[in-house]
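This report concerns only the one structure given below.
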Amino acid sequence: MRKRPADFPRERTWLLAVGLVGVATALIVAAARWNLEAQYHTVEIVLDGPDWHALAVAEGLSPDALLKEARARGATSVAVYERTLKRMAEGGELAYFSAGEIATLVRAGSLPRTFAPAVEAGLHAGAIYVAAGPETTAFLQQAFGGLLGASRVRRTGGILQILGLKEDLEEAGLGFAPQDLLRYRTVGLIPVLRLRNYAGLTEQGLQYLIDQLRRLGSGYTVLFEFNEVLGFERLIDQTAEALRGLGARYARIEAFSERRKQRGEDRFTQRIRPDVIRLFSLTPEELQLLSPDDARGKFVLAARERNIRMLYVRPLVTSAGLAGSEVNLEFVHALAADLHRFGLQNGQAAPLPVLDVPRALSLIISAGAIALLVYALAVVAEAVGAPVPVAWLWGISLAGAMVTLGVFFAGGFLLWRKLLALGVAATVPAVLVAALLPPAGRRPAVQALRVLWIASAGAALAGVVVAGLLSEWEFMLAADGFTGVKLAHVVPVLLIVILLWRRDRPAQTWRDTLREAWAWSGRPLLLRYAIAAVVVGVAAVVLLARSGNFGFPLLGIEDRLRTLAEQWLVVRPRTKEYLIGHPALILAGAAAALGWRAWVLPLAAVGVIGQAGIINSFSHLHTPLLYTIWRTLNALVIGNVLGLVAVWVLTTVSARTAGPRPPASRRR
C-alpha cells in the first residue's frame, strides 16, 4: 500500500540526521582551515630585475641605488633572469653570428676581424660563432658543453663554435653566475630565479643546470619564463625532483585561462608539492590600460582574496613609455601599506601548509553528502509522482556508502568527492527554497525574510559540506577546482520549477506528470510567452557564460558597481546574489504569502540562483574562508534591503489599485 505524502518526511528523518553529522564534521574541517589561513599572511613583493634596471638607465640613475630605495619602500625580492647569448650580447659582453651571417659579411667585406679565425678554419653550416673575452668564453664553453654535450662545442682560434640553430641557441638559458645574485643581495633584496626551458634539453643538460644551481646554494624560489616549465615535456618529473632536492620553492603564476597557463605547470605542481607559492602579475599591456590605483587594487585583491603570496611588480607603463622612477617607488610603498592595512605583512613568502584532513573525517563528510543528496532526490521523485520506498532509500544510501569505501581503498576517492560535491550543490538549494515558501495568508515581509535567511543559512551549510569534501591542498592552491560549475547553477533552477509546478497539484504517478507535461507542450505559443522565453534564454546564456573565471566581459555599470562595493564593503558581494537572486527570493516569499501563486514559480526560479551562488562561493577554496563568509553576508544584507524595498513598492501599488486579484485565481 502506497504511503501518504505526509508520512514521507518522517520516514526520511534518518537521512537528515546523517546529513547533519556530515555538516558538523565539515564544520570541524572548516575550523582547521580557518586557523591555517589565519597564519598564512606573509606576502612577497617581487621586482622584475631587467625592467627595473631599464627604468633606472632611462633616467640616468644607478640601478643598484634604485633597487635599494625600492627595498626601503617595501619590496622584498627581485627576479633574476638566466644568462643567454642574446642578453649578454645586448650587454656588450660578446658578439655572435650564424655561419650564414658570417658568409654574408665576408662577401660584403664587413666581417669583424675577431671572427677571421672561424673563416680560416672553415665554417660549419649548422653552427653559430661567438667572440668574447677569455673569461666569458670559458663560461660559455662550460655552459653549452654541459647543456648540449661537449661534442657540439669547440674553440677555433679563440672563437667558440656551437652546433645548432641560432634561434634556439641564442635564447637557451645558461644559468647564473654568483655575481649575478650578489649585487641584489647587497641592496637587501632576495633573488628569485627565473628559469627557462630549452626545447632540446636532455637529462645530461638538466643535470648540468641543477649542478649549477646547487653551486649557488639552496632554498631559492624559482619562477619559469615564457609558456613552459623547465623540463617540458619529457623531463618534468626529473626537474621537480631535482629542485625539491635543492629545497627550491615553485612560484606558480595565476592564470585566468588555459591559454595563459604555462605548459606542464599542473604536472610540475603535483610533483613538487607542497613547495608551491601562488604568484600574481600584470603584463606591460595590462599595466598600460590601468591607472596606478587600479593596478594596485588588483594586486591587493589577489593577496587578500585568493591566497596569492607573491606579487610580481613590473614598472608602470603609460602611453609614452615607462612611468618615472618616483611614481614606481611610490607605487611599491602604497602597495606595501595597503597589504598592512588588510592584516598582511611584507616578507619572504612561504608555501601554503598542507591542510591535513584525517581520512576518517572525509569519509563521514562523504556519508553526510550522500544522505543529503538521497534526501533531495527523494523529494524531487515524490513531487513528480514517483515516491521512493523507504527500503529503496536505504538501498541507495548503502550503495553510495559501498562506492565510497571502494574508491577510498582502490583509488578515485577525490573524483568521487568531486561528484558528491556537485550533487549537493545542484540539489540542495532547490529543495530548501521549495520547503520554505510559505502558504498564503501570512505577513509577507516577515515570511519573505524568513525564506531568504533560512534558505541562505542552509545553502551556506551545504557550501561548508562542499568545501569539506574538497579540502585538499590542490584546491586551496587553485591547482584543482570544483567540477561542474555551470551544472550547479542550472540544475537548481530546473528542480525548483519541477517542485513548485507540482506543489499545488501533486501527481498521483509519474505517468500523470509526463501526460500533463506532454499536453502542456502542445498548447499554442503566445507572443508574450515567446518573448519571455527569449529573454530567459539570453539571461541563462549570460549566467552560464559568466559562471567560473572566464566568460563575457563586464558591463561598464557592473564594473563601477564592483569598484564601489570593494571600496565601501571591503569584500565585494556577488552581483548575481545581491542584485538578482536574493531580491527575487524575497519577492517569491512575499508573493507566496500574499497568494500570488502565478508569480511564485518564476521569482523562486530566479531566487534560487542566489542560493547556488552561495554554495559556489564556498567551493572556491583558494579564497580564505573569512572572505567567503564576509562576501556572503554582504550580499545577504544588500539583497535583503533591495528585496524589502521591492516588496514595499509592490504591496503599496497593489493596495492603491482596484484590489487586483492574483493571476492564478482564475480557474480554467
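The values are calculated or read from the model by the stated rules, or taken from the named source; none is laboratory data. Not measured: the values here are computed from a predicted model. Note that we place each Cβ from the backbone using ideal geometry, even for glycine, and neighbour counts take in every protein chain shown. What goes into the accessible areas is simple: the full protein's heavy atoms, side chains included, and nothing from ligands, DNA or RNA. Shrake-Rupley method; radii C 1.70, N 1.55, O 1.52, S 1.80 Å.
Residues checked against (1) buried (at least 22 other Cβ atoms within 10 Å of the Cβ); (2) within 18 Å of residue 619 (Cβ to Cβ):
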residue	(1), (2)
377	no, no
385	no, no
391	no, no
394	no, no
404	no, no
407	no, no
412	no, no
416	no, yes
428	yes, yes
On the given criteria, is residue 108 farther than 29 Å from residue 339 by Cα and either hydroxyl-bearing (Ser, Thr, Tyr) or open to solvent by 50 Å² or more (accessible area, probe 1.4 Å) (or both)? yes
Selection from segment 301-333 of residues part of a helix (DSSP H, G or I), out of contact with any strand residue (DSSP E or B) (no Cβ under 6 Å at 6 or more places or on another chain) and buried (at least 21 other Cβ atoms within 10 Å of the Cβ) yields 304, 305, 328, 331, 332
Residue 61, sole failed condition from (1) assigned to a helix (DSSP H, G or I); (2) open to solvent by 20 Å² or more (accessible area, probe 1.4 Å); (3) in contact (Cβ under 8 Å) with a residue 12 or more places away in the chain; (4) among the aliphatic types (A, V, I, L, M): (1)
For segment 66-76, state whether one or more residues are within 30 Å of residue 317 (Cβ to Cβ), surrounded by 14 or more Cβ atoms within 10 Å (Cβ to Cβ) and among the acidic types (Asp, Glu). yes
Members of segment 164-178 found to be of a type in the set (A, V, I, L, M, F, W, C) and either part of a helix (DSSP H, G or I) or under 20 Å from residue 129 (Cα atoms) (or both), listed by number: 165, 169, 172, 174
Considering only helices (runs of 4 or more DSSP H) wholly within segment 460-521, the ones with at least 2 residues that are more than 21 Å from residue 377 (Cβ to Cβ) and at pLDDT 90 or above are 473-476
So residue 615, is it within 18 Å of residue 457 (Cβ to Cβ), of a type in the set (A, V, I, L, M, F, W, C) and either without any contact (Cβ under 8 Å) to a residue 40 or more places away in the chain or open to solvent by 50 Å² or more (accessible area, probe 1.4 Å) (or both): no
If the requirement is being over 30 Å from residue 213 (Cα atoms) and charged (D, E, K, R), which of these qualifies: 101, 82, 90, 44? 101
Would you list the helices (runs of 4 or more DSSP H) that sit entirely within segment 233-300 and hold 1 or more residues that are of a type in the set (Phe, Trp, Tyr)? 265-272
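Kindly indicate whether residue 233 is of a type in the set (D, E, K, R), in contact with a strand residue (DSSP E or B) (Cβ under 8 Å, 6 or more places away or on another chain), at pLDDT 90 or above and more than 22 Å from residue 142 (Cα to Cα).
So residue 233 does not fit the description; no.
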Flag for residue 84 being within 25 Å of residue 143 (Cα to Cα), open to solvent by less than 40 Å² (accessible area, probe 1.4 Å) and within 43 Å of the chain's Cα centre (by Cα): yes
Inside segment 130-184, the number of residues satisfying the requirement of being over 25 Å from residue 116 (Cα atoms), free of Cβ contacts under 8 Å to residues at least 60 places away in the same chain and either in contact with an Asp or Glu (Cβ under 7 Å, 6 or more places away or on another chain) or loosely packed, with under 14 Cβ neighbours inside 10 Å (or both) is 3
